[in-house]
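Please read the structure below before turning to the comments.
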Amino acid sequence: MKKTLIVGTVAYDEIETSKGSSGKILGGAGTYIALATSHFNSKSAIVSVVGGDFEEKYLNLLESKGIDISPIEIISKGKTFYWKGKYHNDWNKRDTLSTQLNVLAEFSPVVPEEFKNAEIVVLGNLHPLVQTSVLNQITTKPRCIILDTMNFWMDNSLSELLEVISRVDVLVINDEEAKQLSEKESLFTAAEEILKMGPKYVVIKKGEHGAMLFGDSQFFTSPAFPVKEVIDPTGAGDTFAGGFAGHLSESKEINFETLKSAIAYGTVMASFCVEKFGTTSMESLKKEQILERLKTFKKYTTYSL
């Protein structure tokens, strides 16, 4: 069985939307990515850190999905990373009400020996130096390294971020971040500029408007799956990355065609995520539901001339 290494936050979130409030719940990029990859034929592990306040039931949940949680460091006297946010009617806009780094502030990732030769590596949204530290511990070149980042690191750690970008195969960012990173107004010219930075492929997420995939002189676009009622968009991008990585872990080859299919898997996985608060949908999701929605998605997006 192939191995997928995930590096990202395992955290507590508290979310407010027009649909209600979640209270303090399970969150974190690493959590969403791992729950998504758990539906694929790959052995995955999360490298992260939590405090002594992190409830054992959440660790048991992840373990019950076949996820190796042994690389999650537990600092008994510390507190778990916490984020509180409020979304507006425009789901693309949100206010951060509280960010408490807690144990994440001193996080020094340690990749377990068993996963230093992982075929797929997913670097969740963290400080670029943390992401670099992980890459430096990898002993065998992965089949695919996927990087997620955000505008905060572009504002505060650009040189370190560019160093990481130069070492990855796929960069996953949203449309605003792509424009900021490239200093271009068009997403097409933005992608061209980002490809010059080193990655083989760029995935630009556009929220409810889908995703775009760029390679060397290659382009693919996909709509989002039409969700009747969005409850909470938190973690949708991370779930997309997890579904994307999960499909690649099962693929014999990794090329533009398999990346196109990975976009479809990521899109469908994200559509489940937004239907309930936090990780609730992902906790009970079945592979049969994913495959059924993929069939529907294909029907929505296929036509003949």
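Coordinate-derived values only; no laboratory data. Note that the structure is predicted; figures quoted are calculated from it, not measured. Here the Cβ positions follow ideal geometry from the backbone for every residue, glycine too, while neighbour counts run over all protein chains shown.
Peptide packing: for 219-226, 21-28, 200-207, the average count of neighbouring Cβ atoms within 10 Å per residue gives the ranking 200-207, 21-28, 219-226, highest mean first. In order along the range 126-141, the phi-based Karplus estimate (6.51 cos²θ - 1.76 cosθ + 1.60, θ = phi - 60°) of 3J(HN,Hα) comes to 9, 4, x, 5, 5, 4, 5, 4, 5, 4, 5, 8, 6, 9, 10, 4 Hz; Gly and Pro are listed as x. Taking a straight line from the alpha carbon of Lys298, these lysines sit under 25 Å away, with near neighbours fewer than eight places off in the same chain left out: Lys205, Lys206, Lys228, Lys252, Lys260, Lys276, Lys286, Lys287. If you take the Cα centroid of the range 149-168 and the Cα centroid of the range 60-82, the two points sit 26 Å apart. Counting 0.36 nm for each residue step from Lys86 to Glu183 and taking away their Cα separation leaves a gain of 32.1 nm. Name the aspartates and glutamates eligible as straight-distance cross-link partners of Lys19: C-alpha to C-alpha under 14 Å, and not fewer than 8 places from it in the same chain. Cα-Cα hits under 14 Å: Asp90, Glu229, Asp232, Glu275. Taking 0.36 nm per residue of separation and subtracting the current Cα-Cα distance, fully stretching the chain between Ser76 and Glu106 would add 9.4 nm. Note: relative contact order over the range 2-301, using C-alpha pairs below 8 Å and six or more positions apart, is 18 percent. Give the shape of the range 188-305 as rounded, prolate or oblate, defined through the alpha-carbon gyration tensor: a ≥ b ≥ c are the square roots of its eigenvalues, a/c under 1.5 means rounded, and otherwise the shape is prolate if a/b is larger than b/c and oblate if not. Prolate, since a/c reaches 1.5 and a/b exceeds b/c. Derived from the Cα gyration tensor, the three semi-axes of the equivalent ellipsoid of the range 2-301 are 25, 23, 20 Å, largest first. Shape of the range 69-188 from its Cα gyration tensor (a ≥ b ≥ c, root eigenvalues): rounded if a/c is under 1.5, otherwise prolate when a/b > b/c, or oblate? Oblate, since a/c reaches 1.5 and b/c is not below a/b. Here Lys184 is the anchor, and the aspartates and glutamates within straight C-alpha reach of less than 14 Å, apart from those fewer than 8 places off in the same chain, are Asp175, Glu176, Glu192, Glu193.
Once the C-beta distance of Ser18 and Ser261 is scaled by a Förster radius of 35 Å, the resulting FRET efficiency is 0.55 to the nearest 0.05.
Once the piece of chain linking Leu129 and Lys299 is laid out straight, how much longer is it, given 0.36 nm per residue of separation minus the C-alpha distance between them?
Extending this stretch completely gives an extra 56.9 nm.
Karplus couplings for the range 154-169 from phi (6.51 cos²θ - 1.76 cosθ + 1.60, θ = phi - 60°), rounded to Hz, Gly and Pro as x? So the Karplus estimates, Gly and Pro as x, are 5, 6, 10, 9, 4, 4, 5, 5, 4, 5, 5, 4, 5, 9, 9, 8 Hz. Starting from the Cα gyration tensor of the range 1-133, take the square roots of the eigenvalues, sort them a ≥ b ≥ c, and report rounded, prolate or oblate (rounded when a/c is under 1.5, otherwise prolate if a/b is larger than b/c, else oblate). Judged from the Cα gyration tensor, the range 1-133 comes out prolate (a/c at least 1.5, a/b above b/c).
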